[in-house]
């Protein structure tokens with residue numbers, strides 16, 4: 001394998017191959033990338049969730065990530081009253097270095113939520129997820145040194161036989177998670193969970209003698225909850241710690257919520273304002289609006305790490321949109337679930 005391709009893999013793909021998966025600042029708004037045990041864990045008939053992130057926008061299209069997921073519950077009339085079973089589907093695309101490296105994932109997940117008490121205030125959930133992954137390295141988008149002309153333009157065709165080649169790899173992945181969810185009333189909720197991604201550590205390379213890599217396991221611990229502070233106000237808190245190949249991420253924060261229509265359950269209209277901190281990296285202000293089953297969230301990373309000179313203190317803009325369809329039968333029991 002030519003040295004430029006190995007160098008390219010080591011530089012633009014370093015975070016993906018050796019350090020960390022694509023991730024979101026609004027991790028709480030991307031349930032199926034956070035923990036498979038969150039599949040089907042919501043108050044409603046079904047849920048759509050979408051996320052978009054553009055990291056380091058001052059570096060042209062350095063990292064852009066988008067997801068779309070759908071999950072629902074099944075066999076509701078055949079399970080014990082305080083049990084639930086969820087299934088879900090996730091599509092994720094991640095582009096690096098202005099499309100030089102493209103990673104695409106499609107996942108199917110399932111989770112069983114076991115009631116621990118007769119009132120349904122406590123549940124233990126176990127989830128599993130299978131993923132088909134495809135990565136594409138496009139050498140036609142790479143500019144090499146021998147393409148530089150005397151007039152300063154990049155107009156000379158490269159002599160490198162790999163310059164105009166496209167490399168791809170495909171593999172299957174396995175993920176799992178566990179979650180405890182509890183409440184003491186209809187107005188509060190607290191949860192703690194853990195997940196493992198890349199349990200089978202799939203091996204892959206880009207062919208032609210390239211170095212082979214085993215995808216390192218990513219494990220995550222996350223927790224949060226929401227608590228009322230007035231009839232029309234509540235506090236939402238969440239945080240996580242995750243590690244992969246020696247790289248660690250620690251995020252904690254919360255939001256203050258004001259309910260505008262005095263309805264927290266059936267059709268709330270709520271405004272959220274808050275902030276999260278990714279230690280050693282960024283401060284993340286956050287605003288969100290919930291209405292008619294939708295919740296739109298926006299955040300913007302303000303970079304505080306040593307990269308702030310290159311990024312102009314900008315880490316990335318992120319948008320999330322969740323839609324939850326309420327049950328057709330308004331008498332259907334209310335489930336106390338993690339919410340954001």
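Each reported figure results from applying straightforward, stated rules to the coordinates on display, with no laboratory input. Predicted model, so just to flag it, every value in this text is computed and none were measured. Cβ coordinates were reconstructed from backbone atoms using ideal geometry, including for glycine residues, and neighbour counts include every protein chain displayed.
At-a-glance table
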| read-out | value |
| --- | --- |
| Modelled FRET efficiency - R0 35 Å, residue 134 with residue 262, Cβ distances, 0.05 increments | 0.15 |
| Highest to lowest packing among 31-38, 101-108, 115-122, scored as the average C-beta count within 10 Å | 31-38, 101-108, 115-122 |
| Rough spin-label spacing in nm, given labels placed 7 Å along Cα→Cβ, for residue 119 and residue 170 | 5.2 nm |
